[in-house]
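To start, the structure itself, in structure tokens.
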Amino acid sequence: MNQSAFSPDPAIRSRKYKIGCIGAGMIMADCHLAAYAQAGFTVAAIGSRTRDHAAEVAKRWSIPTVHDTPEAVIADPNVEILDIAYPPDLQPALISAALKQPHIKAVLVQKPLALTLSEAIALRDEAEAAGKLLSVNQNMRFDQSMRVLKQLLDRGALGEPVFAQIDMHAIPHWQTFLEDYDRLTLANMSVHHLDALRFLFGEPSSISTMTRKDPRTTFDHSDGIVVSTVTFPSGFMALSLEDVWSGPREEGYEDDQHINWRVEGTDGVAKGTIGWPTGAASTLSYASNRETDGKWVSPSWETMWFPQAFIGVMEQLQYAVESGSKPQLDVSDNIKTIELIEAGYRSISEGRVVRLDEISAN
């Protein structure tokens, strides 16, 4: 299969709107803004809880305006798209304020959108009533291996999907604000993988989730290592494992952190890696009776999930504003991912398989 048959990174169709950023932590400074600089997006302003921190990030990325507070960024008439990277308990109030501003055309927010399903639904409805676009940063959908895998699935290269798994043995960077919440891995790490499964395979019918505490995480948490089995109406089944312990990590211990994935179909198999634990590009190889005569083919690319996937996240929102279309990462779609997370937590608490139709979004 010719390399040109794949599109690991999306084309940039729009870059005309001015972005205002709230937050100056690692995700904003090292991912969002690095991606926006590469893509040529215009960042007009930034603000955070600490002005000095925002000023440092502004200097690094040549952002012309630094505001004292997040609210001042929202009020800035130069801001057309608001990009929020803030703790989820503080995010809803900022979203509501932004949706009331006539100069703000769209809002991009971090996952989880809110700490409860009901609050997320309220924000969805508020955005719809305001006639504004609200998009949630499910950036794993723009990981290059996930995009190419989706292209293979959409053209039937693997036949009918039978089984898939995402196998993570890696240590996330838990932000300090997570220490204030009871929920940890399922809401903040598994959400990437469960959303990717929805992106690739459609809407699941049930989930069974089990967990144990992570010995390395010193603050109290209900879910550390997480294993979820997800089933779909067709009979297709997927396994999502988030081993955030992944073994001891002291000086002299050889690090083997990794994330592997595999998809098996009736006419082929695709497998690959997610590169962020090692700072490498993600990979994909596949063998197909329909396309490769059963031989393994390995398309390649040089871009990575962090930071290049964040180009696609902002581009899909810029394009939606310009074209008047629904964003690919629309809030209404993200509600379904939140439902899946809620079903996973119910499965943990009740020790059973939970059907998705038990979780009502109204």
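Every number here is computed from the coordinates shown, using simple stated rules; none is lab data. Everything quoted here is computed from the prediction, not taken from an experiment. Here Cβ is always computed from backbone atoms with ideal geometry, including for glycine, and neighbour counts include all displayed protein chains.
As a rough footprinting exposure proxy, the listed residues 80, 358 were ranked by other beta carbons within 10 Å of their own, and the order from fewest upward is 358, 80. Please work out whether segment 128-216 counts as rounded, prolate or oblate from its C-alpha gyration tensor, where a ≥ b ≥ c are the square roots of the eigenvalues and a/c under 1.5 means rounded, while otherwise a/b larger than b/c means prolate and anything else oblate? Cα axes put segment 128-216 in the oblate bin. Label sites at residue 26 and residue 332, each approximated as a point 7 angstrom past Cα along Cα to Cβ, lie 3.6 nm apart.
Of all complete DSSP H helices in the chain, those with a Cα span along the helix axis of 27 Å or greater and a mean Kyte-Doolittle hydropathy of -0.5 or more are 331-350.
Backbone phi angles across segment 260-267, fed through the Karplus curve with coefficients 6.51, -1.76 and 1.60 (θ = phi - 60°), yield HN-Hα couplings of 10, 9, 8, 10, 10, x, 5, 10 Hz in residue order; Gly and Pro are listed as x.
Taken along the Cα-to-beta-carbon direction at a fixed 7 Å, the label points for residue 129 and residue 234 span 3.9 nm.
Between residue 71 and residue 218, the simple spin-label model (points 7 angstrom out along Cα→Cβ) gives 3.5 nm.
In the chain, the calculated helix contribution to ellipticity at 222 nm averages -9000 deg cm²/dmol per residue, counting -39,500 (n - 2.57) for every DSSP H run with n ≥ 4.
The value for the chain of Rg(Cα) / (2.2 N^0.38 Å) is 0.98. Distance from the C-alpha centroid of segment 114-139 to that of segment 223-293: 30 Å, rounded to the whole angstrom.
Farthest toward the positive end of the dipole of the chain, out of 168, 85, 200, is the Cα of 200, where the dipole comes from beta carbon charges about the Cα centre. Dividing the Cα radius of gyration of segment 62-179 by its Kirkwood radius returns 1.07 for Rg/Rh.
For the chain, lysine pairs separated by 8 or more sequence positions, or belonging to different chains, with Cα-Cα distances below 23 Å total 29. A convex hull fitted to the Cα coordinates of segment 207-362 yields 194 cubic angstrom per residue. Counting alpha carbon pairs within less than 8 Å and at least 6 residues apart, what relative contact order, in whole percent, applies to segment 170-237? Computed over segment 170-237, the figure is 34 percent.
Take every DSSP beta bridge whose two residues both sit in the chain; close to 60 percent of them are antiparallel.
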